[in-house]
Amino acid sequence: MTDMPGAGVTLDLMLSEVGMSLLLGILPTLFPLISLFGCYVVVVSFGYPANTFARQALLGVLFSAAMCLILARPFTVSAGVILDSRGAVLATAVLFGGPWVGIVTTITGMLYRLYLGGAGAWAGVWGLALNAGGLLLYFHFHKKPLQESPQAFFRQLATLGAWSGLCEALSLFLVTPYAYGLQLALSTGWILALFQLASMLALGSLMYLHQQNSRLLLELNRSEAERLWVTDHAAEVIAVFGESNEPLYVSTSARHALGDAVDTPDLRQRIDPQGLQLLDLELARLRAGLVEHSQFSLIVADRHGYAHPVEASLSRLNGADLRIMLMLRDQSAIRQAAQALEASERKFRGIFDQAAVGIALISPDGRWLQVNQRLCEIVGYSEAELLHKSFQDITHPEDLGKDLKMVAQLLAGEISTYTLEKRYFRKTGESTWIELTVALVRDHAQQPSFFISVVNDINQRKKAEAQIMNLAYYDTLTELPNRRLLQERLQHARVSSARNQEWCAIFFLDLDHFKTLNDTQGHDAGDQLLIQVSRRLTAGLRAADTVARLGGDEFVILLENLGTSENQAAKAAEALAEKIRDAISQPFALCEKAEPHHTSSSIGISLFQGEKLAVDEILKHADMALYKAKEGGRNTIRFFDIAVQYAIEINARLQVALHGGIARNEFRLFCQAQVGRDKEVTGGEILLRWRHANGDWISPAQFIPLAEETGSIHEIGHWVLLKTCETLVEWSNDPKLSPLTLSVNVSARQFIKPDFSQRLLQMLVITGVNPARLKLELTESIFAIKDPNIVSHMQSLCAQGIVFALDDFGTGYSSLSYLKCLPFQQLKIDQSFVQGVPEDSDSCAIVQAILSMGHSLGMEVIAEGVETEAQHQFLLMHGCKAFQGFHFARPQALPDFCAMRHDQLSHPC
């Protein structure tokens, strides 16, 4: 390091002095470096403290002391200008001690230089700072500055020494006056830089060599300690013999095994005499160089005097002195271990062979290494046959990919075990379901050794699951999908249709007159027909289409991907429906002896696209279309019509509202007058009207059939009869109304109910009505009911005085035989015939025939629907004596009818 000179010294004189004495005066500065190396050796010899902070502190003190010592004994160029090897010390501190040691050394040097004072003090401080900054920057980019390779280390020493020398040379420029500093740098800077480099190389090399030597010695000591530990803790008895036959060293394991506490027990005393002679002979042969190794058997006594057969091994040890090592292995322990291993093997084999599940050991490439008897039973192969195969050979191709993927994950260490269900091919070629659990066993080097596979036969469970699935999703008779599976596939079709914008269709198919087949030929024939129909439907459809059976003779067909146009889809659906209808119309052979059975089908079709309609709505639309097809005469095809849906929905609402209509007092009784020849009122017909809760009047043509269909007609009819009887009782006290009769329409469904007659007779008794004033009107539908009790019911009521009238005569099942059997006293000509007279000759002929027949049978004939005087006169002219229609009176509420009757009698025309 160079500092500023004192004032008053001439430039030429200063330069000449430096040039002449630099080389001679700088050599004493090497003595502090030698001292530093000596201290470092002492520290390294006693070892570093275990604590990192303490180690750094110790090295910091060491290098700081060296820095102060160098600064205290410099080479003085002139007053205030000193040269030394502080740069080399600083670089060594950073290299061997680290950045914090370098920082402490730098700060110590700066403070001590300021303490020494002089005109060049600050120049020396800035020189140290520049040197330290470069060294610390180097350390920042080299996290491990102390290189292991000697070549790399010496390159590093040269680099750091060059930098220290450069800093020394640059510091000369700080000497003032600057002209003097420039001349000084040019004349002596290169010498100073070379000195720093040489100092760094010398000091660093010594420290590096000592450090490497210490490390090597430490490794040797550690290796020797490890060797002794291994030797002392070895399972074998180890002894080392020298030139004599006495042991020089006996391992700790040998001393424990022999039971002696001395360091070198007399091993020879433990050996039997014959074995001792053999040992001496073999030792002599090894010393003579006849053999390099010898192995034989001996008998050695333990601490308790028990003899143990051992295996002795003698080997020569390389070295300047002849050494022979003896190793004794206890054969009894080996024999016991072998026996234990054999017992363990027998136990494992017993468990392996008698296990209730299949067990196998498989190589990493898939070959069977070992299999038990249960696995052979599962796959049907013998053990020898399996050992010539791999698990890939008997795995179902559809399951192999998943299995190999799991094996790859096991080999990669991603999973420790896996379980999956797969299929094996049995020797017979059939597949069987198994549950497989696999684990990988690795060797001591963590390399794959073999797989352990546990195979559980689940074929019966799979069959049971399939049977359960079949029962849950398939019809047991036809094996077609049932309603549950159909709904799932229909939901999938909705989603797929929305994604692909394709139209789909749903068919509801019903076999015409299927009940007749069941009633005439039995259910077995019906079942055979259903099975054959299901086969024809399946054969006539695409593989992607679905045929399902909902129950009875009702089948549903789901068609997907019929095109993006609704018209195109409708045409495709209609063509397929015609094909199906034609297939169903072909004869069926239900049994060998019976004649071929012919049937037909009605098909309702509903188209849909996307998810606008719910599954239930789609099925309902197809069902409505089927209902329309049946109404069309059966053996027909109908598409869903929105009008039909509205009508059905209205009927459904009416059906709900119909229940409780009586309790809510929504029904009203109206009466239409019946007149005689002179237009005098002889009675009236009770007509039922319904005013809905919303205020609307519901037509009888709409709600009466619905009441008959739902069974509500019984309650409503009973209420009408009761109110009629109560009205007649009230009229009996009124001279103007008591002569009148009231006719009530009775539904055939109501009339054939077993308790109808009994309830009506009880009603007559309770109300006290005159039965002769009550007239019951039945339609010709009563003739279609094959009930032998109808005649007896009518006769029992006639015996009480009740009159029966046949309503709407000529429009239904009219027959003279029926009229002869049933006790009707009145015929009512249907208004459809009356409206045609006198203009329509056919209507006139029918009316005349009915009048003539009624008179011949002794029945009263009444004409309904008389609306004109011409009709009235025609009927009078041909002998009709009773009339009913708008020409005489419109239907009126009962109070209004009574008021009209009183008014007519009070003001006769």
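Here is how the numbers come out for the structure above:
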item: Sites Gln825 and Glu617 - FRET efficiency at Förster radius 56 Å, r taken between beta-carbons, to 0.05; result: 0.60
item: Hz values of 3J(HN,Hα) by residue in the stretch 782-787 - Karplus curve (6.51, -1.76, 1.60), Gly and Pro given as x; result: 5, 6, 7, 8, 8, 10
item: Length released on extending from Lys462 to Ala589, taking residue separation times 0.36 nm less the Cα-Cα span; result: 42.1 nm
item: Nitroxide proxy distance, nm - points 7 Å out along Cα→Cβ at Ser738 and Trp697; result: 3.3
item: Per-residue Cβ neighbour rank within 10 angstrom, fewest leading, Cys898, Cys821; result: Cys821, Cys898
item: Simple label model, 7 Å out from Cα along Cβ direction - His659 to Arg634, nm; result: 3.1
item: Distance between modelled label sites at Ser565 and Thr710, nm, 7 Å Cα→Cβ extension; result: 4.5
item: Nearest-0.05 FRET efficiency for Ala543 and Ala355, computed from C-beta distance (R0 51 Å); result: 0.70
item: Cα extents of the stretch 474-639 along the three principal axes, largest first (Å); result: 53, 31, 24
item: Added length on full extension, which subtracts the Cα-Cα distance from 0.36 nm per residue, Gln501 to Ala893; result: 135.3 nm
item: DSSP bridge pairs, the stretch 654-906: antiparallel proportion in percent, nearest 5; result: 40
item: DSSP-defined antiparallel bridges as percent of all bridges, the stretch 663-802, nearest 5; result: 60
item: Amide N proximity, the stretch 96-110 versus His140 label position 7 Å along Cα-to-Cβ, cut-off under 17 Å; result: 98-104
item: Residues Tyr381, Tyr115, Tyr627, sorted so that the one with the fewest Cβ neighbours within 10 Å comes first; result: Tyr115, Tyr627, Tyr381
item: Label-zone membership for the stretch 485-526, site Leu477, 7 angstrom Cα→C-beta point, backbone N under 19 Å; result: 485-486, 508-526
item: Residue pairs, from the table Lys515/Lys612; Lys427/Lys463; Lys630/Lys775; Lys679/Lys775, whose Cα atoms sit over 26 Å apart; result: Lys515/Lys612; Lys630/Lys775
item: Amide H within-cut-off set for Glu777, under 5 Å, with H built and near neighbours excluded; result: Val744, Asn745, Val746, Ala805
item: Ranked Met900, Met406, criterion: other C-beta atoms within 10 Å, fewest first; result: Met900, Met406
item: Pairwise centroid distance, computed over Cα atoms, of the stretch 836-909 with the stretch 557-586, Å; result: 55
item: Cα-centre dipole for the stretch 499-645 with unit charges at Cβ (Lys and Arg positive, Asp and Glu negative), debye to 20; result: 220
item: Kirkwood hydrodynamic radius (C-alpha pairs) into Stokes-Einstein, the stretch 517-614, 20 °C and 1.002 mPa s, D in µm²/s; result: 142
item: Neighbour cut-off at most 12 other Cβ (10 Å), DSSP loop, GluC sites (Glu not before Pro), the stretch 834-889; result: Glu839
item: Label zone at Ser796, where the point sits 7 Å out along the Cα-to-Cβ direction: the stretch 759-779 residues whose backbone N lies under 11 Å; result: 759-762
item: Given Lys786/Lys828; Lys753/Lys820; Lys571/Lys620; Lys723/Lys753; Lys620/Lys753, the pairs whose alpha carbons are separated by over 29 Å; result: Lys620/Lys753
item: Rg over Rh [alpha-carbon atoms, Kirkwood Rh] for the stretch 355-463; result: 0.95
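Taken together, the values in this text are just the output of simple stated rules run on the coordinates, not laboratory data. Quick caveat: nothing in here was measured; it's all calculated off a predicted structure. Cβ coordinates were reconstructed from backbone atoms using ideal geometry, including for glycine residues, and neighbour counts include every protein chain displayed.
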